[in-house]
Amino acid sequence: MAKSVDNSTNMTKADVSQEKMRMTFRDYFMYAVSGKTSDPSQAGQCSIQCFSLPTFCCASISSLDASTGLTSYDNLCMNKQVVNSQSSIQLGSVNYSLKCSDDTQSVSGAYLIKSTFLVIVSAIGLIASI
């Protein structure tokens with residue numbers, strides 16, 4: 001079976017559907033999400049800062065579109081009370097399941113490297129100024 005591909009973005013219909021599921025969720029829960037969420041290259045990753053916010057958690061989100069059978073997974077830094085009170089929700093034909101995760105493996109590796117580098121550079125600058 002041939003996949004339908006949008007040549008302008010090289011995205012299959014499944015990719016487009018999964019991105020629509022993510023955007024629907026983010027639009028609905030915008031008030032409870034911390035951090036930048038519009039960059040598709042960051043999908044599925046919580047920043048390290050999420051773990052330092054006492055009222056937030058890295059929420060693991062799974063989405064199942066009942067009409068197409070497509071599944072999508074994402075991680076967002078979200079308000080703990082919202083996640084705990086909305087462990088599952090249906091928006092249109094899509095069922096979303098939410099769960100707080102304290103797993104720092106959900107943090108972007110690139111973000112960790114950048115943060116570590118900045119700390120080292122700051123420490124070197126501090127030592128050099130002494």
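Here are a few things to note about the model shown:
- Considering only residues in the range 98-124 that are small (Gly, Ala, Ser) and loosely packed, with under 14 Cβ neighbours inside 10 Å, the one that is modelled with the lowest pLDDT turns out to be Ala110.
- Answer residue from the range 59-85, given it is assigned to a helix (DSSP H, G or I) and not charged (D, E, K, R) and is surrounded by the fewest Cβ atoms within 10 Å (Cβ to Cβ) among those: Ser85
The values are calculated or read from the model by the stated rules, or taken from the named source; none is laboratory data. The structure presented is a predicted model; accordingly, all values stated were derived computationally and were not measured. Cβ atoms come from the backbone with ideal geometry, glycine included; neighbour counts cover every protein chain shown.
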